[in-house]
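K.L.:
Before I ask anything, here is the structure I am working with.
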Amino acid sequence: MQLDSSIAAVVTGGASGLGAATARALAAKGVRVAIFDLQQEKGEALAKELGGVFCEVNVTSDESVDAGFAQARAAHGQERILVNCAGIANAIKTVSRDKETGAIKHFPLDAFNFVIQINLVGTFRCIAKSAAGMLTLDPLDEGERGAIISTASAAAEDGQIGQAAYAASKGGVVALTLPVARDLMNDGIRVNTILPGIFETPLMMALPEKARDVLGASVPFPKRMGRPPEYAQLAVAILENAYMNGEHIRLDGAIRMPPR
């Protein structure tokens, strides 16, 4: 797909981190970008910077997602690109023993489900609703109507202690990539997933500098955390390469996460 001003895109989780970097990279190509996020102040500021539109969207809600797509399409027309970056993480062991009382407790199911609803179900919700809109478009060269990129994690393949919910949600995103690409193959819509490793996201940058240095040094090469523009660079390359479909790609400096 040629990225230019004739193309509209939606980036979920686009107000910060990997999503913001992707929104900037797409806008630099001339793409008309809509940002879906709950961070209104950051989202509106970035949309103003990029000449795009901010849509306050909760990906766990059908009504919110529908309203977001309606707002984005009213501003820019039907999107040909969807990049799913909205997501959260938590760290809770499946079962643990209280150090003071000795009481045994398990991962609260509402906390487990919350991560699944945002990271996995929210991603699929946006995919399905965006793809339905893409089907209304005339095909481009080689019959392409659109392209979708989702964000999983290295944790999908080597989740750490306390990451049962997070790893399950991201593993689900990886697992749905190929079947959804097959579902949409006759409609000219490509579906791919990126699995980032340790990146300089707001969550990671909130850690003490010493902790960040240790994490960066654990990466085989280069010995640092990934930078959001590097994620965006890969996303752009996937969008521009019409033969890239049904694939999941690790972007992690060759790290394989240890148990903890």
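The values are calculated or read from the model by the stated rules, or taken from the named source; none is laboratory data. All of these numbers come straight from a predicted model, not from anything done at the bench. Counting neighbours? That spans all protein chains shown, and the Cβs are built from the backbone with ideal geometry, glycine included.
K.L.:
Do you know which residues across the stretch 42-94 are among the small types (Gly, Ala, Ser), within 23 Å of Leu234 (Cα to Cα), out of contact with any Ser or Thr (no Cβ under 6 Å at 6 or more places or on another chain) and crowded, with 23+ Cβ neighbours inside 10 Å?
P.N.:
Gly43, Gly52, Gly87
K.L.:
Here are some residues: Ile127, Ile161, Ile149. Which one is part of a helix (DSSP H, G or I) and either surrounded by 22 or more Cβ atoms within 10 Å (Cβ to Cβ) or at pLDDT below 95 (or both)?
P.N.:
That would be Ile127, the only listed residue that is part of a helix (DSSP H, G or I) and either surrounded by 22 or more Cβ atoms within 10 Å (Cβ to Cβ) or at pLDDT below 95 (or both).
K.L.:
For the stretch 192-260, please list each of the helices (runs of 4 or more DSSP H) lying entirely inside it that holds at least 1 residues being at pLDDT below 95, small (Gly, Ala, Ser) and surrounded by fewer than 16 Cβ atoms within 10 Å (Cβ to Cβ).
P.N.:
Here the list reads 209-217.
K.L.:
Consider Gly188 against the criteria (1) out of contact with any Pro (no Cβ under 7 Å at 6 or more places or on another chain); (2) farther than 28 Å from Arg97 by Cα; (3) among the small types (Gly, Ala, Ser): it satisfies all of them except one. Which criterion is unmet?
P.N.:
So the condition that Gly188 fails would be (1).
K.L.:
Take the stretch 98-131 and flag every residue that is among the β-branched types (Val, Ile, Thr) and in contact with a helix residue (DSSP H, G or I) (Cβ under 9 Å, 6 or more places away or on another chain).
P.N.:
Within the stretch 98-131, Val115, Ile116, Ile118, Val121, Thr123, Ile127 meet the criteria.
K.L.:
Examine the stretch 165-184 for a residue that is within 18 Å of Asn245 (Cα to Cα), basic (Lys, Arg) and assigned to a helix (DSSP H, G or I), and state whether such a residue exists.
P.N.:
Within the stretch 165-184 (the criterion being within 18 Å of Asn245 (Cα to Cα), basic (Lys, Arg) and assigned to a helix (DSSP H, G or I)), the answer is yes, since at least one residue qualifies.
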